[in-house]
Structures are given as C-alpha cells and as structure tokens.
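Okay, structure first, notes after.
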Amino acid sequence: MLGYIWQYVYTSFLRYWLKWLIKQATGTCELQRICSGYKPGATRTTKAEYSLRSSKSKVLRGAVETDKDKLEQCVDQIMKVKNVKPQKDPLFKGSLHICLLQITGHSSLYVSVEDLRKEVFSSDNQAHEAMLLKLWDLLMPTVKLESRITKQWGDIGFQGDDPKTDFRGMGMLGLINLVFFSENYTEEARQVLSHANHPKLGYSYAIVGINLTEMAYSLLKSGALKPHFYNTVQGTPELQDFHQLYCYLAYEFDKFWVAEEPESIMEFNQYREKFHNIVKTHLQDPEVSLTLTASSGNN
Amino acid sequence: FFTTQPENTCRFPYERSSSKSLSHYFYLIHPQGLLSILRRLKQSPEQEVRLLLLGLDNSGKTTLLKQLAAEDISHITPTQGFNIKSVQSSGFKLNVWDIGGQRKIRPYWRNYFENTDVLIYVIDSSDRKRFEETSLELAELLEEEKLAGVPLLIFANKQDLMTASPASELAESLNLHTIRDRMWQVQACSAVTAEGVQVNTHSLQTQSVNTQLGLRQGGLPTEWY
C-alpha cells in the first residue's frame with residue numbers, strides 16, 4: 001500500500017520537481033541525460049520510451065506514435081521544445097532518432113506480424129501452396145513428395161495428410177517462419193528435424209514449430225521482446241528480425257528438449273512452459289540478445 | 001456460462017430441417033453411467049467432474065476447451081500432448097482434459113481414461129472424408145474396458161460452416177444408434193461461436209444435480225439416451 005502511494009506521489013509530482021531541479025543544475029533535459037548516459041541498446045531506449053510516454057508535453061508523448069518518415073521532423077520539434085542546442089550536444093539528435101525508430105518500429109512490427117497471422121493458409125492461393133512445397137524440398141531434399149495430399153507430410157511433423165489444417169490460429173505466419181528457418185539455417189533445421197524424428201525422444205517438427213511461432217507472437221504482443229529488439233536492431237525492426245527470433249526459439253527449444261529427455265511427447269506442454277520461462281528470464285536481462293548461434297561440429 | 005437456457009439441448013439453430021427429427025436416432029439405454037457419476041459426486045463434497053475430450057486432429061477439442069474456460073480462441077495451435085483446464089461453476093469443478101488427436105499420439109489416449117466421468121467425443125461435421133476414420137476411433141474407444149459405461153457426449157462440431165453435416169446425418173453415418181451399453185447424446189455445436197456448447201454443459205450439470213437430488217425417479221433426463 002505504502003509502495004503504491006509513494007509511486008503515485010513520485011510519478012505525479014516528485015519526478016517533475018526532480019527533473020526540473022536537475023535541469024537547472026546541469027542544463028540538460030532528461031532525454032539528453034539518457035542518450036548520453038547509456039550506450040545504445042535496451043536500457044537507453046527503454047528509459048527514453050518511459051520518459052517520452054510520461055512527458056507532459058504533447059510533442060514528446062506523440063513522438064512514440066509518429067510515422068517513420070516523419071520522425072526526423074519530430075526529433076527537431078522535440079529539440080525545440082526541450083531547448084536542446086545541436087552545437088552543445090551534437091550526438092543527441094542521432095541517438096534520439098534511433099531510439100524513436102526502435103520504439104515506433106516495435107509497434108509497426110507487431111502490426112505486420114498480426115497481418116501475417118491473420119492471413120489464412122489457402123490451397124487456392126498459389127503462393128501459399130508454393131511455399132508449402134518449398135518447405136518440403138528444403139527439409140527433405142532427397143525425398144520426392146508423391147502427391148499434394150499424402151501421409152508423407154507426417155515425416156516433417158504435420159498431423160495428417162494435408163498440412164493446411166495445421167496452421168490454424170497462426171495462419172501464414174507459422175508457415176513463413178518454418179520456411180525462413182529451413183532456408184536461412186538449412187543445416188540447423190535439418191538437424192532439428194532429425195532430432196524431432198527420433199523414435200523415442202521425438203516430437204512433431206512442424207506442429208511444434210507452429211507452437212513456437214505462437215510463443216514468439218505472444219512475447220511480441222506482450223512487449224516482452226522489446227529489450228531484445230532494442231539491443232539487436234539499431235533502427236526499425238523488420239519482419240525478418242521477427243523470423244530470426246523464431247529461428248532462435250526453434251533451435252534452442254530443440255536443444256532444451258533433447259537435453260531434458262522427456263518421457264514422451266505427451267509431456268510437451270510442461271516442457272514448453274519450462275522453456276517459455278527460461279526465455280522470459282533471459283528477456284529480463286537488459287543486455288539480452290536472443291540470436292541463434294549454432295554450435296559448430298554438431299551436425 | 002452456465003446461465004443459458006437449459007432446455008432443448010438437442011435443438012440447435014444450425015440444425016438443418018430434416019424429414020426425421022433428431023430424436024428418431026436416439027435409443028434409450030441403461031442409466032448406469034449417470035449413476036456412477038452420482039456415486040462419485042456423493043463421495044466428494046467438492047463435486048469434481050472429470051471430462052475427457054477426444055476426437056481426430058482438427059476436430060476442435062482445444063477450441064472447445066478454451067471456450068469452456070472462457071478464454072481467447074484466436075491463437076490456437078495444434079495440440080502436442082494434452083491441455084488441461086479446471087473450470088469452476090456453481091459448486092462444480094470441471095476438470096477438462098483435452099488430448100491431442102493426431103494419429104501419432106492416439107495410442108496415448110488410453111493413459112487418460114481412468115476416472116473419466118463423461119467422455120466428450122468431438123467431430124468435425126464438415127470433414128465427411130474422415131467420418132469413417134473418426135467412426136473407427138470412436139468404436140475402439142467404446143470397446144475400452146476403462147471407459148465401460150462412461151456416458152458419451154458427441155459434439156457434432158463446426159456447425160457454423162456451410163459444409164457441415166447436420167447432427168442427425170452424422171449420427172446416421174456413424175451408426176450411433178448401435179451404441180447400447182451407455183448413455184449417449186449427440187449435440188450440434190460450434191466451438192468457434194460457442195453455440196450449442198454452453199447449453200450442453202449446462203444440461204450436463206443439471207443432470208448431475210438432478211441425479212444427486214434423487215430426481216432421477218421422475219424419469220430419465222430427456223437428453224440422454
């Protein structure tokens with residue numbers, strides 16, 4: 001209770017008085033201190049985001065929702081409002097611009113990801129069909145698919161004869177992630193597939209992949225991935241950065257699963273939750289960077 | 001979600017007008033299963049009911065589970081393993097087990113049979129090509145000793161789709177009338193729109209309450225056969 005009162009008093013009054021006092025003493029505003037005091041990355045951008053969102057100035061609050069191509073103007077406006085002289089702090093403009101690209105980029109990334117998720121896989125769509133067949137060729141280069149509807153799909157971990165019903169709530173996002181991993185980390189993907197096809201320790205490669213897409217998606221939606229993207233992308237995060245994160249999850253989950261040696265696939269959700277918690281713990285670290293680093297000589 | 005109309009569980013807005021009424025396909029069976037629920041309910045003060053959701057992959061089990069738990073159904077992915085949720089409702093604790101339906105994990109179904117109060121078998125009514133497969137799986141389940149006498153609730157799911165078969169047609173093509181060793185019921189529903197789902201759970205609960213209060217003597221609940 002006391003904590004709540006303190007927080008209320010602090011955010012409503014004390015914070016502003018303190019900021020004002022420090023500004024009088026040092027001649028720099030809070031954003032300047034953040035940009036010069038922290039190296040580029042999650043800590044700087046997170047603090048800048050908080051500062052902007054809780055600002056009294058409309059210009060500053062509006063900045064986090066500005067379109068990408070209007071951001072430069074927006075930075076100029078902020079400097080005007082905050083009376084920051086470029087001659088005195090030459091690095092500020094660039095730093096704040098990058099922070100804003102990251103903050104607004106995260107929101108637009110979510111919109112793009114959501115669009116892909118809502119796109120339902122359709123057999124009438126040639127691009128969708130082509131992508132599905134491409135997934136097969138990337139994972140099973142030596143085996144020919146006998147027909148479009150076949151039990152063979154089970155070999156790469158779909159549930160039945162036709163994968164189209166397996167994408168469900170993840171739509172095309174699930175398929176695109178699977179293809180991205182197989183295309184950009186072909187060796188790793190095939191290695192993961194071979195683990196998944198283990199007679200005892202195995203799991204359904206594609207289904208688990210779609211499940212991990214859901215994990216990536218909900219982490220993004222909740223904002224938990226912000227520190228990761230702020231650290232790894234010095235600008236606007238793009239769709240491929242999201243796909244990269246999926247690759248990390250797919251590869252790391254497999255490693256985790258193999259190491260844990262679960263009794264059977266029926267334990268999946270329990271281990272998924274355990275893995276989910278590990279990922280969330282990583283994301284608490286301001287230095288977090290969830291990038292796939294394949295251990296060599298393992299293939 | 002138990003507060004919807006309890007009556008008329010067999011009627012459903014999506015039910016196609018068929019020349020024969022749905023009840024034509026129902027056959028009166030021994031009320032053994034319900035009695036077993038009764039016994040268990042009387043023993044446990046917290047009135048726990050174990051519901052087991054089975055059916056082929058993509059029949060809608062997880063959507064149904066989430067719908068029962070009043071959770072978001074827009075991000076569902078295929079089930080690896082199983083999901084379980086406990087739903088508290090007017091003195092009842094429904095423990096709902098949703099087991100993945102893909103062929104590869106069907107052999108594990110048997111691990112979840114024990115102590116099941118009601119078996120809920122879910123069918124994608126629009127997937128005619130797999131009626132035979134789902135019929136075979138159901139037949140196998142009914143042979144299982146551990147499920148002997150367990151009341152069976154069949155959800156003719158996905159009635160929101162234009163291509164869905166009416167529950168009566170489904171009952172006919174699956175030869176449900178041959179089931180004579182337990183109480184059973186077929187229910188047209190759409191897990192996505194929640195139509196037919198809530199009503200049914202309600203009837204389930206009403207049954208249990210009625211039975212518990214000894215109202216069974218007044219005649220078998222009309223929905224169960």
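Given region B:119-225, what helices (runs of 4 or more DSSP H) lie entirely inside it while holding 1 or more residues that are modelled with pLDDT of 90 or more?
Working: elements: B:131-143, B:167-173, B:197-212.
Counting at least 1 such residues, we get B:131-143, B:167-173.
Kindly check whether there is at least one residue in region A:147-167 that is open to solvent by less than 60 Å² (accessible area, probe 1.4 Å), more than 14 Å from chain B (Cβ to nearest Cβ) and outside any loop (DSSP other than H, G, I, E, B).
Restricting attention to region A:147-167, the residues satisfying the condition of being open to solvent by less than 60 Å² (accessible area, probe 1.4 Å) are A:147-148, A:150, A:152-154, A:156-160, A:162-163, A:165-167.
Now narrow it down to the ones that are more than 14 Å from chain B (Cβ to nearest Cβ): A:147-148.
With the extra rule that they be outside any loop (DSSP other than H, G, I, E, B), the set shrinks to none.
No, region A:147-167 contains no residue that is open to solvent by less than 60 Å² (accessible area, probe 1.4 Å), more than 14 Å from chain B (Cβ to nearest Cβ) and outside any loop (DSSP other than H, G, I, E, B).
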**Item:** Criterion (modelled with pLDDT of 95 or more and within 29 Å of the chain's Cα centre (by Cα)) met by exactly one of A:Asp137, A:Asp124
**Value:** A:Asp137
**Fill in**
Filtering region B:118-132 down to residues that are under 21 Å from B:Leu64 (Cα atoms) and open to solvent by 10 Å² or more (accessible area, probe 1.4 Å) yields B:Asp124, B:Ser126, B:Asp127, B:Arg128, B:Arg130, B:Phe131
**Complete:** (1) more than 12 Å from every other protein chain (Cβ to nearest Cβ); (2) open to solvent by 10 Å² or more (accessible area, probe 1.4 Å); (3) more than 17 Å from the chain's Cα centre (by Cα) all hold for B:Ala164 apart from (2)
**Prompt:** What helices (runs of 4 or more DSSP H) completely inside region A:175-282 contain at least 3 residues that are open to solvent by 10 Å² or more (accessible area, probe 1.4 Å) and within 14 Å of chain B (Cβ to nearest Cβ)?
**Reply:** A:205-222
**Request:** Could you grab the pairs with beta carbons closer than 9 Å, sequence gap of 6+ or different chains, first residue in region B:87-116 and free of Cβ contacts under 8 Å to residues at least 40 places away in the same chain, second one assigned to a loop (DSSP other than H, G, I, E, B) and open to solvent by 50 Å² or more (accessible area, probe 1.4 Å)?
**Result:** B:Val87/B:Phe1; B:Val87/B:Ala70
**Message:** Could you check region B:60-90 and list, in sequence order, the residues that are open to solvent by 50 Å² or more (accessible area, probe 1.4 Å), part of a loop (DSSP other than H, G, I, E, B) and more than 18 Å from B:Val192 (Cα to Cα)?
**Reply:** B:Ser90
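Is it the case that A:Lys19 is open to solvent by 60 Å² or more (accessible area, probe 1.4 Å), in the same structural domain as A:Cys99 (by the TED database) and charged (D, E, K, R)? Before you say what the answer is, go through the steps one by one.
Numbers: open to solvent by 60 Å² or more (accessible area, probe 1.4 Å): no; in the same structural domain as A:Cys99 (by the TED database): yes; charged (D, E, K, R): yes.
In short, no.
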**Prompt:** What are the residues in region B:73-111 that are more than 9 Å from chain A (Cβ to nearest Cβ) and not hydrophobic (A, V, I, L, M, F, W, C), if any?
**Reply:** B:Lys85, B:Ser86, B:Gln88, B:Ser89, B:Ser90, B:Gly91, B:Lys93, B:Asn95, B:Asp98, B:Arg106, B:Pro107, B:Arg110
**When residues of region A:75-116 are limited to those that are crowded, with 17+ Cβ neighbours inside 10 Å and of a type in the set (Gly, Ala, Ser), the one farthest from the chain's Cα centre (by Cα)** = A:Ser95
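The values are calculated or read from the model by the stated rules, or taken from the named source; none is laboratory data. Treat the numbers as computed from the prediction; the structure is a model and nothing was measured. We place every Cβ from the backbone using ideal geometry, glycine too, and count neighbours over all the protein chains shown. Surface areas here come from the heavy atoms of the whole protein model, side chains and all, with no ligands, DNA or RNA. Shrake-Rupley method; radii C 1.70, N 1.55, O 1.52, S 1.80 Å.
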